[in-house]
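To start, the structure itself, in structure tokens.
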Amino acid sequence: MSALYADTARLERLIRELAPAYGPAGREEQVRALIRRHVEPLADEVSVDRMGNLIALVRGAGGPGARRVMVAAHMDEIGLMVTHIDDKGFLRFAPVGGHGAATLLGQRVVFADGTCGTIGAEKLDDIKDLKLDRLFIDIGAADREDAARRVPVGSTAVFARDVATCGSRLIGKALDDRAGCAVLVELMHQLRAHPSVHDVYCVFSVQEEVGARGARTAGYAISPDLALAVDVTATGDTPKGEPLNMTLGGGTAIKVKDNSLIAHPWVRQLLVDTAAAAGIPYQMEVLPYGGTDAGAIHLTKTGVPAGALSIPTRYLHSPGEMVDMRDVAATADLLVAVLQQPLAGGPA
Ligand code: CO
Ligand code: ZN
């Protein structure tokens, strides 16, 4: 596996550390602490804003074509928030982010303090009746008081799952978007080795899974000349899968459109031209649904030219998300390559 810039082994180590960590939307503090340890030695300034976004600035050398660039990856993952506890101590829940009932059945979940549970279902006459409101979390509680003491209403669980390696591929929960967070940390390593003219704001955002809420305020505060989200995208390469252009191992995916963003044509072309010139494998991404932090950032103030680099991922929002390290490395490579050039042209 030969990447242009990225240290693929370091990237993989980062993902293996970050993905198993607990961090549903609104409760990103454990993930933030892990990432902070990595970025402190690499950044010129590190701060945490009022929303909880972790913002690490790598200052550029300046000069002609130097810009303020914001690169965002979200720390949060999808979760299950306890809404009600019955007399016997079974927990009903509301989804935090997008969950499928079929994916949840039988999964092991974990709360912030390490309390574990398993997801059971009511007796169903027809599998078609399998909906979120027929499911519950069982933490093995004796009764309501016992359960409420350990995981009061409002507590949030996430999938309990480590990362497995299968050749060049990784399987785990929350690769959406801890793989993107790892890419940003790797970008910071590379900016130290290959300095850029640009001021690069690496934003590890909160609450993307509930509507890119953290990126909205961070985008406003930074007010960048160019914004790039680094997130995951779906693939169409599984049996009877969706008719999508993206494939696992097909390279980094350059976003054209999703439900939150039409990538600025200047940004899209900059990414395509840079990837082509550097020989970085890439594919075009059109996703007929979904969104990323770029969707929130591009609508701040008078508008921000924005795009996204996506890591093709199978089985999104499941405990068995799968990425290919070659795509992860290509994503980091393209980011580094883009930031190696002065940015001329583009919207005023
Ligand atoms: Co997601
Ligand atoms: Zn995501």
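The values are calculated or read from the model by the stated rules, or taken from the named source; none is laboratory data. Here the structure is a predicted model, which is why all the values come from computation and not from measurement. A quick note on method: Cβ atoms are made from the backbone with ideal geometry, for glycine too, and the neighbour counts reach across all protein chains shown. We work out accessible area using only protein heavy atoms, side chains counted, and drop any ligands, DNA or RNA first. Shrake-Rupley method; radii C 1.70, N 1.55, O 1.52, S 1.80 Å.
Descriptive notes on the structure:
- Any hit, the stretch 189-204, residues being within 15 Å of ligand 2 (Cβ to nearest atom) and under 27 Å from G62 (Cβ atoms): yes
- Residue within the stretch 100-108 that is touching a Ser or Thr at 6+ places or on another chain (Cβ under 6 Å), polar (S, T, N, Q) and open to solvent by 10 Å² or more (accessible area, probe 1.4 Å) present: yes
- Under the condition of being crowded, with 17+ Cβ neighbours inside 10 Å, farther than 24 Å from G60 by Cβ and more than 16 Å from ligand 2 (Cβ to nearest atom), the residues counted in the stretch 250-273 number 3.
- Screening K88 on (1) surrounded by fewer than 19 Cβ atoms within 10 Å (Cβ to Cβ); (2) assigned by TED's automatic domain parsing to the domain that holds V206 shows it passes everything except condition (2).
- The set of residues in the stretch 17-51 that are among the polar types (S, T, N, Q) and free of Cβ contacts under 8 Å to residues at least 60 places away in the same chain contains only S47.
- Members of the stretch 233-254 found to be touching a helix residue (DSSP H, G or I) at 6+ places or on another chain (Cβ under 7 Å) and over 18 Å from G167 (Cα atoms), listed by number: T252, I254
- Some residue of the stretch 202-219 being touching a residue at least 24 places away in the same chain (Cβ under 8 Å), away from ligand 1 (no atom under 15 Å from the Cβ), under 30 Å from I262 (Cβ atoms) and open to solvent by 40 Å² or more (accessible area, probe 1.4 Å): yes
- Counting the residues of the stretch 139-189 that are touching a Phe, Trp or Tyr at 6+ places or on another chain (Cβ under 7 Å) and under 13 Å from E17 (Cα atoms) gives 2.
- Selection from the stretch 126-159 of residues that are hydrophobic (A, V, I, L, M, F, W, C) and open to solvent by 30 Å² or more (accessible area, probe 1.4 Å): I127, L132, F136, A142, A148, V153
- Residue that is least open to solvent (accessible area, probe 1.4 Å), among those in the stretch 171-201 that are assigned to a strand (DSSP E or B) and over 19 Å from D333 (Cα atoms): G172
- Pick from the stretch 224-243, criterion within 16 Å of ligand 2 (Cβ to nearest atom) and either touching a Pro at 6+ places or on another chain (Cβ under 7 Å) or of a type in the set (A, V, I, L, M) (or both), ranking: farthest from V58 (Cα to Cα): T235
- The one condition in (1) closer than 30 Å to V230 by Cβ; (2) more than 16 Å from ligand 1 (Cβ to nearest atom); (3) assigned to a loop (DSSP other than H, G, I, E, B) that H99 fails to fulfil: (2)
- Take the conditions (1) open to solvent by 10 Å² or more (accessible area, probe 1.4 Å); (2) under 18 Å from A19 (Cβ atoms); (3) in contact with a helix residue (DSSP H, G or I) (Cβ under 6 Å, 6 or more places away or on another chain); E321 misses just one of them, which is (1).
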